[in-house]
Structures are given as C-alpha cells and as structure tokens.
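We did not get these values from a lab; they are worked out from the coordinates using the rules stated. All of these numbers come straight from a predicted model, not from anything done at the bench. Here the Cβ is made from the backbone with ideal geometry for all residues, glycine too, and neighbour counts use every protein chain on show.
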Amino acid sequence: MVRIPSLVLAVGLALSGCTATGPDALTLGLTAPQGKFKDNDPQDFGTRHPHRHEIHGTDVSKWNGAVDWPKVKASGIDFVFIKATEGADRIDQSFEENWRGAARAGIPHAPYHFYYFCGEPDVQADWFIRNVPKASVSLPPVLDVEWNPASPTCKTRPDPQTVRAAMSRFLDRIEAYYGKRPIIYTSVDFHRDNLVGHFRTYQFWVRSVAAHPQEIYGDRNWAFWQYTSTGIIPGIEGEADINVFSGTREHWRRWLVAAAKT
C-alpha cells in the first residue's frame, strides 16, 4: 500500500525547501521488485527496497567518461546531478559537456559543488557562481559535504561547529544568487559527525549503500537516496551511482514544478 501525503503538504514543503515526503514516505510491500537497473553488487534492503521507488536518477563527473545522453534518457533515468566544481579552483573537466548533453536529452539536472573544508566558504561560493551560469540552473544546486581522506591537498576535519558555520555561509551565498535553496548531499559518517539535528529546512540527498536511510540517518527527512555506486546504466560506461527520489511519480512532477519556480 502507498501512503500519499496531501497535495498541500507535498507542494507546500517542496516550495519551502523541505522534502515533500519523509524517510518512510512509501509503505513498501514484502518482496523486492525487479530492479529498473542492474547492479553489480546488489544489497538486501529488505521490504524497503529502492526498486520500489518510481523515480530513478544518477550523478556523474569526469570519472564516468563520455556519456551517451540520449541512451541514458531512453534507459528511464529521470534526473541527474552533475559535478561542477571542487574547492576554490577546480572545475570538473566534463561539466560543460555533461551539462549540455543532459539539457539536450531533456533530463532534469542540477549542478553540485564538492566542498573543501580547508578553504573559505565565500571563495568557494564565488568559484561555483563563476562557473555555473545562473540562467541555466532550473533545479536547486547541491552542496556535497563529506570527509575526503583520499585528497592529496585537503584532509582537514574541523570541529562540527566550524563545519556547520562554513556550510551555512556557502548555502546562504548560493541561495541568494540562484534564488533556490540548495540541496545537501552527505555520507553516513559526515552526517553522524556534524549534521544530526541541524539544517532541518534543507532537502537532503543521502548516501546509504547497505541499509535503508531510516536505519542509518534516524529521523532525517530525505528527498534523494544514493543506494549504489555499482549500478549499470545504458549510456554510461562502467559502474555508476543510482539514486531514487523519495516520493511517487506524481510527487516528482510537483517537485519539479515547485523547484523551477523558487
């Protein structure tokens, strides 16, 4: 059985910047359905399997190589998050190609910035604004916050108060410029260390590849769930991330309309 919020709640929360549905928006059945996309390392999510969600998307960067966007569209992908910038001086080398390709294919798309905690939020906001044209952004931009132990230049882990202050400054700058409240992407450990109980008025895109987000993120409302990094999407060579939207296809339609207006 599907539990659907009212139209007022679904659209109202989307307009206010909150997720239109909570972490248990769908009361799911007892058996996992056939997957929309293949997965080289599928996990057992029990009765709350991501395949039960109607809206699937992906996220891409230079590491995905050349993307065949018409083929991705034909595969049934509903949205894509595209890496734009990193830190204060790096632009993803595939950003422009991916941005134009997704637009030509008619796939709803949003840019994301990978944050460096050894840099200043204003400088990073300026870099993102310089490289992501305001006129082409129809969906909320994304702030990607996670620890980055593999970075050769930025392994800094500030205290939680410093982390949240930097995030707030960056988010405020981006919202003021683009006129849209950004989405926050985060991982399990970063959220546990810094974000529990905070940023309640923001939509979240959460990573959880071994369990349903409600088991990992507690009462955190989420709009998007990245459930695998080993998915197979026609048009993308090799393995790819796959994400789902928390609500139904009708909620998604309303979310797109609300996002485009804000």
Return 48, 200 ranked ascending by Cβ neighbour count within 10 Å, so the fewest neighbours appear first.
-> 200, 48
Separation between the residue 230 and residue 214 pseudo-spin-labels, each 7 Å from Cα along Cα→Cβ, expressed in nm?
-> 2.6 nm
Would you mind pulling out the separation of the Cα centroids of the range 141-166 and the range 211-262, in Å?
-> 22 Å
Among 243, 177, 212, the residue whose Cα sits farthest towards the positive end of the charge dipole of the chain, when +1 is placed on the Cβ of each Lys and Arg and -1 on the Cβ of each Asp and Glu, is 177
Rounded to the nearest 500, what is the chain's calculated 222 nm mean residue ellipticity when only DSSP H runs of at least 4 contribute -39500 (n - 2.57) each, over all residues?
-> -8500 deg cm²/dmol
For the range 109-262, give the share of DSSP beta bridges that are antiparallel, in percent and rounded to the nearest 5; count only bridges with both residues there.
-> 30 percent
What order do you get for 144, 41 when you list them from fewest to most C-beta neighbours inside 10 Å?
-> 41, 144
Among 117, 67, 162, whose Cα sits farthest toward the positive end of the charge dipole of the chain (+1 at Cβ of Lys/Arg, -1 at Cβ of Asp/Glu, about the Cα centre)?
-> 67
Förster radius 35 Å - calculated FRET efficiency between residue 66 and residue 134, Cβ distance, rounded to 0.05 = 0.85
Quick one: divide the alpha-carbon radius of gyration of the range 73-189 by 2.2 N^0.38 Å and tell me what you get.
-> 1.07
Counting alpha carbon pairs within less than 8 Å and at least 6 residues apart, what relative contact order, in whole percent, applies to the range 7-261?
-> 28 percent
Sparse-neighbourhood loop sites, chymotrypsin sites (Phe, Trp or Tyr not before Pro) in the range 219-262 - DSSP loop, at most 10 other Cβ within 10 angstrom = none
Treat the count of other C-beta atoms within 10 Å as a stand-in for reagent exposure and order 212, 191, 198 from fewest to most.
-> 198, 212, 191
Short version: ³J(HN,Hα) in whole Hz for each residue of the range 137-154, in order, from phi by Karplus 6.51 cos²θ - 1.76 cosθ + 1.60 (θ = phi - 60°), x for Gly and Pro, what are they?
-> 9, 9, 10, x, x, 10, 9, 9, 10, 6, 6, 10, x, 7, 5, x, 10, 8
Within the chain, what is the number of lysine pairs with alpha carbons under 16 Å apart, leaving out pairs fewer than eight places apart on the same chain?
-> 9
